[in-house]
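Some notes on the structure that comes next.
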Amino acid sequence: MSTRQETIDRYRHFRAIAKQHLGGALKHLSRTAIKEAAQRVGLWSRGKLVMDSPDELDLVFDVAVFDTRSGQSRALDRYARAHPAAPGSDEALTLDALQHSRFHIVRVLRRHEIAGLVTEDTVTHEQLWLMDEGLEGTARSGMGLATRLLRVNGFYMTTGAAVPVTADVLKEAIASRSAWQSEPPSRFVNDRRFPEAVYAAAIRQGEMQFMQFRDPE
């Protein structure tokens, strides 16, 4: 079994690669795409971004980078085509994991015995090993989180954006589209519009004041 430090070192390695890929994907976004993403999460007013916290910009970028508009490729996929990673490399592994990442609503169960957190997907009830140094130190048992996750090297990581989720946040997000109110969660949680609906609800309800994204020193 890996030691805590070995696991943290692996996490930091893959985290750095993921950040590099996501930073590259941002360069494949137009200003219009960023504006539209900001509008969809409620952070655009009178021709400019309006945020209570700089961390809310991560939600805008998350929506913009992973957006799948009809007839258009994602910024992440355009980046992958323009900058292919060497086959078999950690860069290629991480890029593929990012491209196949999925949005999850998870509940924190406990600290993992090695590092990070044990979380439960609230839809599938699968237990997920989530590596995140910031959340490990601050997330309380029972806390709900909405985040896009990628799986690498046996654990999951966020793509960089996450919001606290309460029953009220979920209720508001689901109510934003009438079809979701009659669908099972296993269907609407995979709807490309669901992440932005959850982010928008969390922002409106002031939940982002409890989040602060920091890289380990």
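Points worth noting:
- Long-range neighbours under 8 Å by Cβ, at least six apart or interchain, first residue over 16 Å from Leu130 (Cβ atoms) within the range 1-19, second among the acidic types (Asp, Glu): His13/Asp90; Ile17/Asp90; Ile17/Glu91
- Checking every residue in the range 164-171 against the condition of being in contact with a Gly (Cβ under 9 Å, 6 or more places away or on another chain), on the phi < 0 side of the Ramachandran plot and of a type outside the set (A, V, I, L, M, F, W, C) gives at least one match.
- Boolean, Asp52 is among the acidic types (Asp, Glu), more than 15 Å from the chain's Cα centre (by Cα) and in a loop (DSSP other than H, G, I, E, B): yes
- Within the option set Glu36, Glu56, being in contact with a helix residue (DSSP H, G or I) (Cβ under 6 Å, 6 or more places away or on another chain), of a type in the set (Asp, Glu) and within 22 Å of Arg148 (Cα to Cα) holds for one residue only, Glu56.
- Residues that are open to solvent by 80 Å² or more (accessible area, probe 1.4 Å) and assigned to a helix (DSSP H, G or I), drawn from the range 14-31: Lys19, Gln20, Arg31
- Against the criterion of being farther than 18 Å from Ile203 by Cβ, modelled with pLDDT of 95 or more and either open to solvent by 60 Å² or more (accessible area, probe 1.4 Å) or in a loop (DSSP other than H, G, I, E, B) (or both), Arg69 does not qualify.
The values are calculated or read from the model by the stated rules, or taken from the named source; none is laboratory data. Since this is a predicted model, take the numbers as computed values, not measurements. Backbone-built Cβ (ideal geometry, glycine too); neighbour counts: all protein chains shown. We work out accessible area using only protein heavy atoms, side chains counted, and drop any ligands, DNA or RNA first. Shrake-Rupley method; radii C 1.70, N 1.55, O 1.52, S 1.80 Å.
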